[in-house]
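J.: Here's a structure for you.
No value in this document is a laboratory result; all are computed from the given coordinates. Note that the structure is a prediction, hence the values are computed from the model and not measured. Here Cβ is always computed from backbone atoms with ideal geometry, including for glycine, and neighbour counts include all displayed protein chains.
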C-alpha cells in the first residue's frame, strides 16, 4: 500500500494543486490520498470522478490529524522536502518498503513532520513543486514500471496516437 | 537549450500551477519558460525571484503566439499529452535532441499543437498533471543527472539533512 498524505489543504488556494497531487498519486501507482486542512467535497469529487472513469483502485479521504496518521501508520513514512536527503542516496532502501506513507506539503509544514517521519527526502536541492516531487519519487520508486500500470474497472482508456486523440470505452 | 512552452495561462486560475511549471522546468534542467495566454507580472516575479536566490541561468517570458514559437523553433518540439506515444518508447530518440521545445497545456490545447509539434508524447496513459508530466519527462531526458545540477550565481543553497533545514549563503 502506497498512501500519499497532503498537508494543510486550503479550498480556495490549493484546489487545483491538491487535485494534481491526487491525480499524480493515482496515475503513478499510489492507492490513496489522505489530506489534512479544510475538508473539500469539490476536491474529493474531482478525484473520484477520474477514478470512476479511468479505473482504480484509488481512494481519497480527509483526516483531522497528520500527526496521528503518521504515528499510526503500519509501515514506513517519508516526507518529501527540499531540505532532506537526496532521493538518489536512499531509493534502494525505500524500494524495499511495502507500506509507504509519502507526506507532501503544504505551504507551512509543521516542524514535527520532520521528526515524526522515518526519512526526509529531497527531489533535487532546488525549490519546485510537491506535484513534481511526488511524480518523480513514485517514478523512481517503481523504476518506471508505473507507466505501464493497468487500472481496474476503467470505463475508458487511451490508445496512444502519433497525432490526435483516441479513447476507447464509454465516453460520458 | 531546453525550453518549456506553457499554453494558455490565465492569471486567476493558473497562477500557482504555472509557477510550479516554471519551477519544475528550472529545477529539472530547462533554461527557459515561455508562456502564452494572459501576461502575468506576478508569475514572472515569482519565477525570477527563485532564479535570483537559487541560481540560474533561467528565463521566463510571455509570447503572443504558441504557433509561431513552435514553427520558428530551431530544433525539435514535443507536446506532452495523455494521448501521445508513451515516453518509454521515444526517450532514446529524444535524448539525442539538443534544442528541445517541450509544450505543455493548458486547459484546452488547440488542435494545431498536435500537428505542429514533432512528437506527441505521453507520460502514462492516465490523466494527471502537466507539472508531474514535465518533471518526469525531464528526469527521463537527463537520466536523473538533473538532480545533481549546479546552478550559477546562487545566493543560497540547501545542505541536505536527515532532520530539519540547513541553508547556506545569503538568506534574505
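J.: Please list B:162-168, B:21-27 highest first by mean number of surrounding beta-carbon atoms within 10 Å per residue.
T.: Final packing ranking: B:21-27, B:162-168.
J.: Please state the relative contact order of chain B as a whole percent: Cα pairs under 8 Å, 6+ residues apart?
T.: 27
J.: Can you give the angle from 0 to 90° between the axis of helix A:130-141 and the longest principal axis of chain A, with both taken from C-alpha atoms, to the nearest 10?
T.: Roughly 80 degrees between the two axes.
J.: Per residue of A:143-152, what is the mean number of Cβ atoms on other protein chains within 10 angstrom of that residue's Cβ?
T.: Per residue, the number of nearby Cβ atoms from other chains is 3 on average.
J.: Tell me the angle of helix B:41-54 to the major Cα principal axis of chain B, expressed in degrees between 0 and 90 and rounded to the nearest ten.
T.: 50
J.: While we're looking at this one, here's another question. How shielded is B:155-168 by partner chains, expressed as the average number of their Cβ atoms within 10 Å of its Cβ atoms?
T.: Across B:155-168, the average partner-chain Cβ count within 10 Å equals 5.
J.: Show that you can apply the helix-only estimate: for chain A, add -39,500 (n - 2.57) for every DSSP H stretch of four or more residues, divide by all residues, and state [θ] at 222 nm to the nearest 500.
T.: It lands at -11500 deg cm²/dmol.
J.: Take each of the peptides B:151-160, A:104-113, A:43-52, average the number of other beta-carbon atoms within 10 Å over its residues, and list them starting from the highest.
T.: A:43-52, A:104-113, B:151-160
J.: What is the helix-to-structure angle for B:11-27, meaning the angle in degrees between its Cα long axis and the longest Cα principal axis of chain B, kept from 0 to 90 and rounded to the nearest 10?
T.: With both axes taken from Cα atoms, the answer is about 70 degrees.
J.: Give me the distance between the Cα centres of the stretch B:1-72 and the stretch B:96-110, rounded to whole Å.
T.: The distance from the Cα centre of the stretch B:1-72 to that of the stretch B:96-110 comes to 12 Å.
J.: Please arrange A:19, A:93 by counting, for each residue, the other beta carbons lying within 10 Å of its beta carbon, fewest first.
T.: With the fewest neighbours first, A:19, A:93 line up as A:93, A:19.
J.: Determine the shielding of peptide A:16-29 by partner chains: average, over its residues, the number of Cβ atoms on other chains within 10 angstrom of each Cβ.
T.: Across A:16-29, the average partner-chain Cβ count within 10 Å equals 5.
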